[in-house]
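Structure record follows, encoded as structure tokens.
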Amino acid sequence: MSSFSRRGFIARTITAAFGLAVGKSVYAKECPASAPEGVRALDPESAVGKRLEYIESIPGDFTHAKFEKGQNCENCQFYQLPRAKDGYGPCTMAAMAFVNKCGWCNLYRVRPS
Ligand code: SF4
């Protein structure tokens, strides 16, 4: 391999690695459209979902007496982060049904740092 093509190879490799890292971080901020296969997701229309007033995704114009901007399931203390899978995690207050990390409900409590 000539030094020219070696330089090109290294540049392409670094670019690809950077692209993957950026792509991964952007993806991590996205909200999942649906629960992963094999998990029991909380249905907003179920009795528990209705009692919690659970929403799977917080609209930009969402208002609720208890809601404050920045709150979501992922930063709620009841979201079991270590067991989360593909943006869904079990919620203690929903009998361990999986909730969307971008969701919210009226039992939200900020996770202590
Ligand atoms: S208790 Fe927390 S994690 Fe569970 S549904 Fe409500 S906001 Fe989401």
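Since every read-out is calculated from the coordinates, none of them should be taken as a lab result. Being a predicted model, the structure only gives us computed values, none of them experimental. Positions of Cβ are generated from backbone atoms using ideal geometry, with glycine treated the same way; all protein chains shown enter the neighbour counts.
Key figures
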item	result
Likely footprinting exposure, 92, 63, fewest C-beta neighbours within 10 Å first	63, 92
Sorted by Cβ density within 10 Å, fewest first, the residues 101, 50	50, 101
Within region 68-92, backbone nitrogen closer than 15 Å to the virtual label 7 Å beyond the Cα of residue 51 toward Cβ	91-92
3J(HN,Hα) from dihedral phi, region 85-90, Karplus parametrisation 6.51/-1.76/1.60, rounded to Hz, x for glycine, proline	9, 6, x, 10, x, x
5 angstrom amide H check on residue 40, placed H, neighbours 5+ away	98
Under-5 Å amide H pairs with residue 103, H placed in peptide plane, nonlocal only	73, 74
